[in-house]
1. Condition check: over 19 Å from I73 (Cα atoms), aliphatic (A, V, I, L, M) and touching a helix residue (DSSP H, G or I) at 6+ places or on another chain (Cβ under 9 Å). Does L41 satisfy that?
2. If you scan the stretch 9-30, which residues turn out to be within 22 Å of A54 (Cβ to Cβ) and either without any contact (Cβ under 8 Å) to a residue 60 or more places away in the chain or acidic (D, E) (or both)?
3. Which residues, taken from the stretch 44-58, are within 19 Å of T72 (Cβ to Cβ) and in contact with a strand residue (DSSP E or B) (Cβ under 7 Å, 6 or more places away or on another chain)?
Amino acid sequence: MKIIPFNIRVNSVAPGAIDTPMLRGALEQFVLNEAEYAPQLSLLNRFGQANEIAQASLWIVSDLSSYITGTTIHAYEVILQGNYKTNADLYSL
């Protein structure tokens, strides 16, 4: 609460499964298919793109979100709804 007079806001972005070379490598390593696996991690049935996370990040630091503080923009609701609690649970999908 001491930071409020200084107009400092604290927020975060939890991006979820983003289509990156690292994700592609994991799919190959575990012999997983994007079309079958993405729906387990995303309500949109696809992996997110880096530019989509960048846009959310730009918004959260802009004046357009000046009334937002102490929050996280989540992009992994399906994981929470599926009651997966650990990385081991995710790997078992």
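Only the coordinates and a few stated rules stand behind these numbers; no lab work does. What you are looking at is a predicted structure, and each value in this text was computed from that prediction instead of being measured. As a convention, Cβ positions derive from the backbone with ideal geometry for all residues, glycine included, and neighbour counts pool all protein chains shown.
1. Numbers: over 19 Å from I73 (Cα atoms): no; aliphatic (A, V, I, L, M): yes; touching a helix residue (DSSP H, G or I) at 6+ places or on another chain (Cβ under 9 Å): yes.
No, not satisfied.
2. Filtering the stretch 9-30 down to residues within 22 Å of A54 (Cβ to Cβ) leaves 9-26.
Selection gives A17, I18, D19, T20, P21, M22, L23, R24, G25, A26.
3. G48, A50, I53, A56, S57, listed by residue number.
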